[in-house]
Amino acid sequence: MSDCIFCKIANHEIPSNVVFEDDEVIAFRDLDPQAPTHVLVIPKKHYANICDGVPAETLVAITHAISEVVKAEGIEESGYRVISNAGADAGQTVMHFHMHVLGGKNLGMGLLPADSE
Ligand code: AMP
Ligand code: ZN
């Protein structure tokens, strides 16, 4: 996907604030953070969303990366939320599978923004 911004981040073609990286995945800070910790964890290979045939080993690598990120950010004990948007109704804006990892404050009980009906 030559025009995909997250593929370019994964290839280090454009800069990002990397917090974790291995052969399979890269984790970097969101440009528009919604919480004190807001990190995106992505596979280096392009998949459109979580259900786009992502191999099991890649999903394991993503889970491992999330655990490393929350430890490094010091939010393993205080808590965090992991979200993956897929498609228009979820508001997905970057069509490269990514997990949002949010924490560092009380995120509230709701799963949806207060103004969504
Ligand atoms: P989503 O709405 O789930 O597709 O989330 C896409 C996220 O990517 C948003 O939270 C954006 O702020 C974030 N984002 C877009 N471009 C970049 C970038 N170059 N570096 C870091 N985060 C980005
Ligand atoms: Zn991509």
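Taken together, the values in this text are just the output of simple stated rules run on the coordinates, not laboratory data. Predicted, not measured: the structure shown is a model, and the values here were computed from it. Backbone-built Cβ (ideal geometry, glycine too); neighbour counts: all protein chains shown.
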Exercise for the section: Could you tell me whether any residue of region 61-75 is in a strand (DSSP E or B), touching an Asp or Glu at 6+ places or on another chain (Cβ under 7 Å) and farther than 18 Å from A10 by Cα? Expected result: no
Handout entry: Pairs with Cβ under 8 Å, 6+ apart, first in region 78-90 and on the phi > 0 side of the Ramachandran plot, second within 16 Å of ligand 2 (Cβ to nearest atom) and part of a loop (DSSP other than H, G, I, E, B)
Key = G87/N49
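Tell me, which residue of region 17-30 that is over 17 Å from Y47 (Cα atoms) and not in a loop (DSSP other than H, G, I, E, B) is nearest to ligand 2 (Cβ to nearest atom)?
In this case the residue turns out to be F28.
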Practice task
Determine, yes or no, whether L40 is under 23 Å from A90 (Cα atoms), assigned to a loop (DSSP other than H, G, I, E, B) and within 14 Å of ligand 1 (Cβ to nearest atom).
Solution key: no
Fill in the blank from the handout: Selection from region 49-85 of residues more than 13 Å from the chain's Cα centre (by Cα) and of a type in the set (A, V, I, L, M) yields V54, A56, V60, A72, I75
Exercise for the section: For I14, indicate whether it is within 16 Å of ligand 2 (Cβ to nearest atom), of a type in the set (A, V, I, L, M) and either over 15 Å from the mean Cα position of the chain (by Cα) or buried (at least 16 other Cβ atoms within 10 Å of the Cβ) (or both). Expected result: yes
Problem - Identity of the residue in region 35-48, more than 9 Å from the chain's Cα centre (by Cα) and surrounded by fewer than 22 Cβ atoms within 10 Å (Cβ to Cβ), that ends up nearest to ligand 2 (Cβ to nearest atom) - result: H46
